[in-house]
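Report on the following structure.
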């Protein structure tokens, strides 16, 4: 009679499509036993992996019934593996973070609240790094509000998708010197994304590990605002060089930025520093004037409170708004503007910290 050890050995061939790790190692299959020509095991799929259920069950059945001495397979449904605390692997994922093949550094751009210009900073940061000769990717992880396609002028394009199911691969769209993937490339312009956390986690892992990033010195990730599933998914999945926190000078923005900064520290993600966006308004007809419409000193206060650098103060200028709407970011469309200079300085500061070279 075949042993349970032999059945376990066969089941090691069943892997998670996202991480590539054996589902036995992830704890998704356990309590394997064999008796009377029947193999029995317990299936403990976490929520984000439910889309793989049929494939995992089919592969497990085929592997087990392919062994001499096993004629039937019985599957019991168990509970998902325990998630652990913040900073540990959740949703049944292993504690070890998995690198993206070909990607050297991952830098996240985050904010505590919406409306502070986080995506504008992420897109212009990515383009600024690319202008310095590095190979850059941009992952628009703001699944509910994907703006990167519009800002890069590719909202009308559809990326090539190869394969199907767990073997599906997406080819990033090339624009403005960077490669980009976004939910905005895969849905209609007016279509809302109404997803719960597990589905959100799944698509972020697909963008990380099933996109054809190729060789990239830097992958910039534009996170949604707040401290939710997307931030946890990214932090638990991939090793990051660090995160840039975007805020505006006013107090409400600072309060939310503090929560976001504290979250990344709790998850042991390096905080590269703070970007104060909309630090002042520069009128197009009076380029030497500066008006602090939202107050002043907020970014410096936040950076000082957490002992991190104030990486940049980005002014409000017409070129920034025009570049975002026209699909040609300010660092490319108006390289001599004050905001462009601030973005390029930001890129210098960030790259010095992560020590990335061409």
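The values are calculated or read from the model by the stated rules, or taken from the named source; none is laboratory data. Keep in mind that this is a model prediction, so the values were computed, not measured. Heads up, the Cβs are rebuilt from the backbone with ideal geometry, glycines too, and the neighbour counts pull from every protein chain shown.
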Legend entry - the stretch 138-179 - residue that is in a loop (DSSP other than H, G, I, E, B) and in contact with a helix residue (DSSP H, G or I) (Cβ under 6 Å, 6 or more places away or on another chain) and, of those, modelled with the lowest pLDDT: 143
Legend entry - the stretch 194-208, subset in contact with a helix residue (DSSP H, G or I) (Cβ under 6 Å, 6 or more places away or on another chain) and modelled with pLDDT under 70, residue farthest from residue 143 (Cα to Cα): 198
Legend entry - Checking residue 104 against (1) in a strand (DSSP E or B); (2) at pLDDT below 90, the condition it does not meet: (2)
Inset, instruction - Check off (1) modelled with pLDDT of 90 or more; (2) closer than 27 Å to residue 149 by Cβ for residue 309 and give me the number that stays unchecked. - result: (2)
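Against the condition in contact with a strand residue (DSSP E or B) (Cβ under 7 Å, 6 or more places away or on another chain), assigned by TED's automatic domain parsing to the domain that holds residue 146 and buried (at least 16 other Cβ atoms within 10 Å of the Cβ), how does residue 271 come out, does it pass?
It is true that residue 271 is in contact with a strand residue (DSSP E or B) (Cβ under 7 Å, 6 or more places away or on another chain), assigned by TED's automatic domain parsing to the domain that holds residue 146 and buried (at least 16 other Cβ atoms within 10 Å of the Cβ).
Residues to consider are 226, 242; find the one that is surrounded by fewer than 24 Cβ atoms within 10 Å (Cβ to Cβ), touching a helix residue (DSSP H, G or I) at 6+ places or on another chain (Cβ under 7 Å) and on the phi > 0 side of the Ramachandran plot.
Working: 226 fails: touching a helix residue (DSSP H, G or I) at 6+ places or on another chain (Cβ under 7 Å).
Sole residue among the options that is surrounded by fewer than 24 Cβ atoms within 10 Å (Cβ to Cβ), touching a helix residue (DSSP H, G or I) at 6+ places or on another chain (Cβ under 7 Å) and on the phi > 0 side of the Ramachandran plot: 242.
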Legend entry - Cross-chain or 6+ apart pairs with Cβ under 9 Å, the stretch 303-326 first and in contact (Cβ under 8 Å) with a residue 12 or more places away in the chain, then part of a helix (DSSP H, G or I) and surrounded by fewer than 16 Cβ atoms within 10 Å (Cβ to Cβ): 306/262; 306/265; 310/300; 310/304; 311/345; 312/345; 313/300
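Hey, any hits in the stretch 274-284 for a residue that's within 24 Å of residue 352 (Cβ to Cβ), modelled with pLDDT under 85 and crowded, with 18+ Cβ neighbours inside 10 Å? Reasoning before the result, please.
Residues of the stretch 274-284 that are within 24 Å of residue 352 (Cβ to Cβ), as a first pass: 274-277, 279.
Still in the running and modelled with pLDDT under 85: none.
Checking the stretch 274-284: not a single residue is within 24 Å of residue 352 (Cβ to Cβ), modelled with pLDDT under 85 and crowded, with 18+ Cβ neighbours inside 10 Å.
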Legend entry - Evaluation of residue 217 against (1) surrounded by 15 or more Cβ atoms within 10 Å (Cβ to Cβ); (2) under 15 Å from the mean Cα position of the chain (by Cα); (3) under 22 Å from residue 172 (Cβ atoms) (one fails), failing number: (2)
Inset, instruction - Looking for whichever is in the same structural domain as residue 135 (by TED's automatic domain parsing) and either in contact (Cβ under 8 Å) with a residue 12 or more places away in the chain or surrounded by 19 or more Cβ atoms within 10 Å (Cβ to Cβ) (or both) here; the options are 161, 154. Which one fits? - result: 154
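Outside any loop (DSSP other than H, G, I, E, B) and more than 19 Å from residue 114 (Cα to Cα): which single residue out of 206, 255 fits that description? Quick ask: steps written out before the conclusion?
Numbers: 255 fails: more than 19 Å from residue 114 (Cα to Cα).
206 is the lone residue from the list that is outside any loop (DSSP other than H, G, I, E, B) and more than 19 Å from residue 114 (Cα to Cα).
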Legend entry - Residue within the stretch 94-101 that is modelled with pLDDT under 70, out of contact with any strand residue (DSSP E or B) (no Cβ under 9 Å at 6 or more places or on another chain) and surrounded by 15 or more Cβ atoms within 10 Å (Cβ to Cβ) present: yes
Inset, instruction - Could you tell me whether any residue of the stretch 46-54 is in contact with a strand residue (DSSP E or B) (Cβ under 9 Å, 6 or more places away or on another chain), in contact (Cβ under 8 Å) with a residue 40 or more places away in the chain, outside any strand (DSSP E or B) and surrounded by 19 or more Cβ atoms within 10 Å (Cβ to Cβ)? - result: no
Inset, instruction - Would you tally the residues in the stretch 305-322 being farther than 23 Å from residue 123 by Cα and more than 27 Å from the chain's Cα centre (by Cα)? - result: 0
Inset, instruction - Taking residue 216 as meeting all but one of (1) over 30 Å from residue 16 (Cα atoms); (2) touching a residue at least 40 places away in the same chain (Cβ under 8 Å), write down the number of the exception. - result: (1)
Inset, instruction - Specify the residue that is farthest from the chain's Cα centre (by Cα); the eligible residues are those in the stretch 20-43 that are crowded, with 21+ Cβ neighbours inside 10 Å and under 23 Å from residue 202 (Cβ atoms). - result: 29
